[in-house]
1. Scanning the stretch 75-94 for residues that are closer than 24 Å to Ile204 by Cβ, assigned to a loop (DSSP other than H, G, I, E, B) and open to solvent by 10 Å² or more (accessible area, probe 1.4 Å), which turns out modelled with the lowest pLDDT?
2. Can you name the number of the only condition in (1) at positive phi; (2) out of contact with any helix residue (DSSP H, G or I) (no Cβ under 6 Å at 6 or more places or on another chain) that Glu65 fails?
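The values are calculated or read from the model by the stated rules, or taken from the named source; none is laboratory data. Since the structure is predicted, the reported quantities are computational estimates derived from the model, not experimental observations. Cβ atoms come from the backbone with ideal geometry, glycine included; neighbour counts cover every protein chain shown. Ligands, DNA and RNA are stripped out before the accessible areas are found, and what is left, the full protein with its side chains, is counted by its heavy atoms. Shrake-Rupley method; radii C 1.70, N 1.55, O 1.52, S 1.80 Å.
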Amino acid sequence: MNAQGANGWEQGGSGGFRAGPHPWSRYVALGDSFTEGLGDPEPRSPGGLRGWADRVAEELSIDHEDFAYANLAISGRLLHQILEEQVGPALDLRPDLISLNAGGNDLLFHRSDPDKLALELDAGVESLASTGATILLFTGPDWGATPVLGFTRGKVAIFNENLRVIAARHDALIADLWALRELTDPRMWDPDRLHFSPLGQHTIAIMVLGTLNVPHSLEPLAPKPLPERSWRQARAGDIVWAREHLFPWVVRRLTQRNADDGRQPKRPEPGPVFGAGMLPGTFLGSDPQNIVRPS
């Protein structure tokens, strides 16, 4: 249900709605592959990826000529790497809006202690919050229905509760992926089941904009129904997925020795969201593949 804010904004997506005033002029996104946009390829975007953060920045830039956006996220980074590599550069950019997602790789691939991770995260959030910027944190999604990864569900839940305490302590906002039940639909995920598809990224962007209380032009999209599969077909699909996606990804994560691997952020400097070859509104009416708008 749309709500009317005290300043007259209409909250929620609306196909013909244009973003109204908001208080931010410089947004910096920190994190790993989730924030980088893996699973949402777009050749016209920096780094060949779009993702939820780009989609949010696109909406925030509408009717804000001075709005600038940087994305420092790098795929595969652990929490301590994100804090060591990205917090300092982010502070140097003097943002007034910062998003931070970290800890997923630690929990999924290193079986890290969620309480110890939370202590590390708290220190990083404290540094970011000292700038006076609006801080946006993310809970982890519910992996319960995902084969193999489901064993992390308890640790992710504990980490999420710790994260809520951190957010309350530093007056940060929480974008709640765990509560976003649309993500239980397999079409929200890339075939690797580790990253979100264009539809998932779009859905997360809507949730983030709602968390920021920003009106936007994004509309919920409805995926086409999946064909029915037998139990045997489903299990065969799980085996193929584990062999082709999960195990290679785990091996890469576990054999990553240090952060000096040459990878760079796709948007290291704050700048206009829409470049010379990408005019405002370029993507606002485009749908990801294999989805249809609800009638």
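1. Ser75
2. Of (1) at positive phi; (2) out of contact with any helix residue (DSSP H, G or I) (no Cβ under 6 Å at 6 or more places or on another chain), only one is false for Glu65: (1).
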